[in-house]
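Single-structure report; data block below.
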Amino acid sequence: MELFVKYFLSGLATGGIYACVALSVVMIYKAIGHVNFAQGEMATLSTYFAFQGIVWGAPLWLAFLGSLVLSFVGGYLLERLIFRRISGAALMTHVVMFIGLFLLINSSMGLIWDFSVKSFPSPFGQGQIGGLIGYHQVGMLAVTAGALLALSIFYQKTRIGLAMRGIAANPESAKLVGIRVTHLTALGWGISSALGAIAGILIAPIVFLDPFMMLGVIVPSFAGAVLGGLTSPLGAVIGGLTIGIIESLIGAYVPRVGIELKLPIAMAIIVCVLVVKPSGLLGARILKRV
Amino acid sequence: MNIRTLSLIILGIALVLVPFVLKGYLVFQATTIVIYAIAIMGLNILTGLNGQIALGHGAFFAMGAYLMAITLNVWELPFYVGFPIAGVACFVFGFLFGFPALRLEGVYLALATFTLAVAVPPVLKLSFLEPVTGGVMGTLVPAPTTPFGLPLGQDQWMYLLTLLFLFLMYGMAQALKSSRSGRAMMAIRDNPIAARAMGINVALYKTLAFGLSALYAGIAGCLSALVIQFISADSFTFFLSVYLIVGLVVGGAAWFPGALIGGAYIVLVPNLVETFSPPLAGSFYGLLLMVMMLIIPKGASGLIEKFFPRRPSASDTSRPAPREDGGDGPVTIGRPGR
């Protein structure tokens, strides 16, 4: 039983990271109707920003804050300067653009910070609570829960949040009632990218920082997003947490190969969801006007 | 005979002569180019004919390579048995994998294949598969010797074998394009709703196109295992899939000979750029993809169309009418006219 609780909690903590990344994917998907395949690389880049801040001698929290702000501004500008230009273009254009962005960021990180694996400090310190869960994992849970809560309050209670929900529901009508659609879409990119930064900074102390850090995170996060339904923010959170827990328990109870199976399991979950219930747990059914 | 057919024939003859003009490492590079061209031609069918986009063809490439290795090492069969085994296996696996995603919007296929491409290297490294795959260390592949006592060097023979497959697969792709199935695929690309209204089984033909493109990638993988004589999971990372997409975009989505340009690009350009610094090649690729999407979305085939405009004819299906509904599946990669 203790083993179960231990791995359940650790899965929940990792699931929080997946939830953040899945949510950032879903936010962009809702805004532009495309999946950002470079989301993970953007998060890794944000983590490198924080890393660079620490190297320059900034206090941890300041470095993290700086990375969040930079990521927010970067995400905003990325939409305004580049992806604005292909809005409305075909799926293929978007996919190739995102893959291009993926390569560009990934290789540029290798160019600037080289490909060596770097350790990344945890702001919560070492140590465990009752041998069940580490300080860092508690911190992860607290930060992701806080971020998700803040985001949901932002969407439900503020005028900007309402306007952004309006755009997601119907961009044309939103425009007609005077909502600045282009500005708010870019704002969504900024928030999504900052959310990715939180995920990257929190996972880096566990998996260590290198340009490929997020490859192992983005696939379970996609699985979480698909499981929750690609169009539902709440679904993305639930999906991400579920994937984290499943993965951790399989790692604990399947001897030897459990950990190696992490990515294949995520892929199998995506395929199963697509076969059984393509709209996911909470997603809108996909209907198309003919 | 028009100028296009003539130039294709000249190109074909030139390709046959390559191993007798070039030497050593250059022949090896030419072989690699042709192998990538075969895989990219599969993507041409999928993307150019059928208007879908998939990111995971490195996975099928890997599957082909490993099946060839298993045929030779584990089952101890001759190498030519490996091609049908890998081809059929990739086709079936692609068909089954694609089916759930293909019933939905195109983004689900991109997503599912993205995860496939990322998940394949860890699967190949799985410890309990080690007797078959060689695990983390990879495994050696014995190269087939020159048959019938032909006076050819090993590298020349491998090049010609690869080229034979290129010609065969090119012929197959062309035959498909002018067949009933090919027209059904193009109809789906141009307007899936109208295609369905005409009685075309959209899901079936989409899956068929996906399976076929997986077959092309699988055959390319077989050839690469024979040519390199060694396979390991690290040769088939996510970036292989990405490079195939780069080749597709550079060569142009709907033009089969463009695959050779794409293949040459992904083999030769890194060599040029990496003289300065290895990761620079990746940055350059990424930047190039983004710039091309913004400026010349049709790739090399677009440039050729520009300088050698083709007279419109009844059979000209390479340029679909512009889409108005913005659905998933137009062949024109690029931003819409505004």
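The values are calculated or read from the model by the stated rules, or taken from the named source; none is laboratory data. Remember, predicted model here, so these are calculated numbers, not experimental data. With ideal geometry, Cβ positions are generated from the backbone for all residues, glycine too; neighbour counts draw on all protein chains shown. In case anyone asks, the SASA skips ligands and DNA or RNA and just uses the protein heavy atoms, side chains included. Shrake-Rupley method; radii C 1.70, N 1.55, O 1.52, S 1.80 Å.
Apart from one condition, B:Thr71 fits all of (1) under 21 Å from the mean Cα position of the chain (by Cα); (2) modelled with pLDDT under 90; (3) open to solvent by less than 10 Å² (accessible area, probe 1.4 Å); (4) over 29 Å from B:Asn271 (Cβ atoms); the exception is (1). With respect to B:Gly135, determine if the residue is within 14 Å of chain A (Cβ to nearest Cβ) and either touching a Lys or Arg at 6+ places or on another chain (Cβ under 8 Å) or open to solvent by 10 Å² or more (accessible area, probe 1.4 Å) (or both). Here the answer is yes, as B:Gly135 does meet what is asked. Just one of A:Gly139, A:Gly127 is open to solvent by less than 80 Å² (accessible area, probe 1.4 Å) and in contact (Cβ under 8 Å) with a residue 60 or more places away in the chain; which is it? Only one candidate passes the filter, namely A:Gly139.
Among the residues of region A:24-71, those identified as away from chain B (no Cβ under 14 Å) and aromatic (Phe, Trp, Tyr) are A:Phe49, A:Phe51, A:Trp56, A:Trp61, A:Phe64. Listed by first and then second residue, the pairs linking a residue in region B:234-259 that is of a type in the set (D, E, K, R) to a residue that is open to solvent by 10 Å² or more (accessible area, probe 1.4 Å) and in a helix (DSSP H, G or I), with Cβ atoms under 7 Å apart and 6 or more places separating them unless they lie on different chains, are B:Asp234/B:Pro121.
Which condition breaks for B:Gly106 when tested against (1) open to solvent by less than 10 Å² (accessible area, probe 1.4 Å); (2) within 14 Å of another protein chain (Cβ to nearest Cβ); (3) closer than 26 Å to B:Met185 by Cβ; (4) of a type in the set (Gly, Ala, Ser)? B:Gly106 satisfies every listed condition except (1). Applying the condition of being within 22 Å of the chain's Cα centre (by Cα), at pLDDT 90 or above and charged (D, E, K, R) to region B:173-206 and asking which residue is nearest to B:Ala54 (Cα to Cα) yields B:Lys206. Selection of region A:83-93 for residues being within 7 Å of chain B (Cβ to nearest Cβ) and open to solvent by 50 Å² or more (accessible area, probe 1.4 Å) yields A:Arg85, A:Gly88. When residues in region B:187-233 are screened for being open to solvent by 10 Å² or more (accessible area, probe 1.4 Å), in contact (Cβ under 8 Å) with a residue 24 or more places away in the chain and farther than 30 Å from B:Val132 by Cα, 7 of them pass. Across region A:103-118, which residue is nearest to the chain's Cα centre (by Cα) among those that are hydrophobic (A, V, I, L, M, F, W, C) and more than 7 Å from chain B (Cβ to nearest Cβ)? Top of the filtered list is A:Ile105.
Could you please give the count of residues in region A:166-179 that are under 26 Å from the mean Cα position of the chain (by Cα) and either touching a residue at least 24 places away in the same chain (Cβ under 8 Å) or surrounded by 14 or more Cβ atoms within 10 Å (Cβ to Cβ) (or both)?
From region A:166-179, those under 26 Å from the mean Cα position of the chain (by Cα) are A:166-171; that's our starting set.
Okay, now just the ones that are also either touching a residue at least 24 places away in the same chain (Cβ under 8 Å) or surrounded by 14 or more Cβ atoms within 10 Å (Cβ to Cβ) (or both), so A:166-168, A:171.
Total satisfying the criteria: 4.
Can you run down the residue pairs with Cβ atoms below 7 Å, 6 or more apart or on separate chains, where the first is in region B:10-29 and closer than 19 Å to B:Ser224 by Cβ and the partner is polar (S, T, N, Q)? Pairs that qualify, where the first residue is closer than 19 Å to B:Ser224 by Cβ and the partner is polar (S, T, N, Q), are B:Pro19/B:Gln156; B:Val27/B:Gln156. When you scan region A:193-201, do you find a residue that is open to solvent by less than 30 Å² (accessible area, probe 1.4 Å) and more than 12 Å from the chain's Cα centre (by Cα), even just one? There is no residue in region A:193-201 that is open to solvent by less than 30 Å² (accessible area, probe 1.4 Å) and more than 12 Å from the chain's Cα centre (by Cα).
Of the residues in region A:263-276, at least one is crowded, with 19+ Cβ neighbours inside 10 Å and touching an Asp or Glu at 6+ places or on another chain (Cβ under 9 Å).
Tallying residues that are over 21 Å from A:Gly216 (Cβ atoms) and open to solvent by less than 30 Å² (accessible area, probe 1.4 Å) within region A:38-58 yields 1. Restricted to region B:22-47, and to residues there that are out of contact with any helix residue (DSSP H, G or I) (no Cβ under 8 Å at 6 or more places or on another chain) and in a helix (DSSP H, G or I), the residue that is surrounded by the most Cβ atoms within 10 Å (Cβ to Cβ) is B:Leu26.
Let me confirm something: among A:Val117, A:Val96, A:Val35, A:Val73, which residue is in contact (Cβ under 8 Å) with a residue 60 or more places away in the chain and open to solvent by less than 10 Å² (accessible area, probe 1.4 Å)? So that I can check it myself, show each step before the final result.
Values: A:Val117 fails: open to solvent by less than 10 Å² (accessible area, probe 1.4 Å); A:Val96 fails: in contact (Cβ under 8 Å) with a residue 60 or more places away in the chain; A:Val73 fails: open to solvent by less than 10 Å² (accessible area, probe 1.4 Å).
Matching residue, one of A:Val117, A:Val96, A:Val35, A:Val73: A:Val35.
Between B:Phe114, B:Phe83, B:Phe99, the distinction of being among the aromatic types (Phe, Trp, Tyr) and more than 10 Å from chain A (Cβ to nearest Cβ) belongs to B:Phe83 only. Take the conditions of a type in the set (Val, Ile, Thr) and within 11 Å of another protein chain (Cβ to nearest Cβ) and apply them to A:Val96. Does it pass? Judged against the criteria, A:Val96 is a match. The C-beta contact set for region B:71-100 (first residue more than 19 Å from B:Val132 (Cβ to Cβ), second residue basic (Lys, Arg), distance under 8 angstrom, 6+ apart or interchain) comprises B:Gly98/B:Lys206. Residues in region A:208-243 that are open to solvent by 20 Å² or more (accessible area, probe 1.4 Å), part of a helix (DSSP H, G or I) and either away from every other protein chain (no Cβ under 14 Å) or of a type in the set (Ser, Thr, Tyr) (or both): A:Pro233, A:Leu234, A:Val237, A:Ile238, A:Leu241, A:Thr242.
Could you check, for region B:138-147, whether at least one of its residues is assigned to a helix (DSSP H, G or I) and open to solvent by 70 Å² or more (accessible area, probe 1.4 Å)? Break it down into steps so the answer makes sense when it comes.
If we filter region B:138-147 for residues that are assigned to a helix (DSSP H, G or I), which is where we start, we get B:147.
Then drop every residue that is not open to solvent by 70 Å² or more (accessible area, probe 1.4 Å), which leaves none.
So far as region B:138-147 goes, no, none of its residues is assigned to a helix (DSSP H, G or I) and open to solvent by 70 Å² or more (accessible area, probe 1.4 Å).
Just wondering, is there one or more residues in region A:143-162 that are modelled with pLDDT under 85 and in contact with a helix residue (DSSP H, G or I) (Cβ under 8 Å, 6 or more places away or on another chain)? No, because not a single residue in region A:143-162 is modelled with pLDDT under 85 and in contact with a helix residue (DSSP H, G or I) (Cβ under 8 Å, 6 or more places away or on another chain). When you scan region A:159-167, do you find a residue that is in a helix (DSSP H, G or I), of a type in the set (D, E, K, R) and either within 14 Å of chain B (Cβ to nearest Cβ) or closer than 28 Å to A:Val5 by Cβ (or both), even just one? Within region A:159-167 (the criterion being in a helix (DSSP H, G or I), of a type in the set (D, E, K, R) and either within 14 Å of chain B (Cβ to nearest Cβ) or closer than 28 Å to A:Val5 by Cβ (or both)), the answer is no, since none of the residues qualifies.
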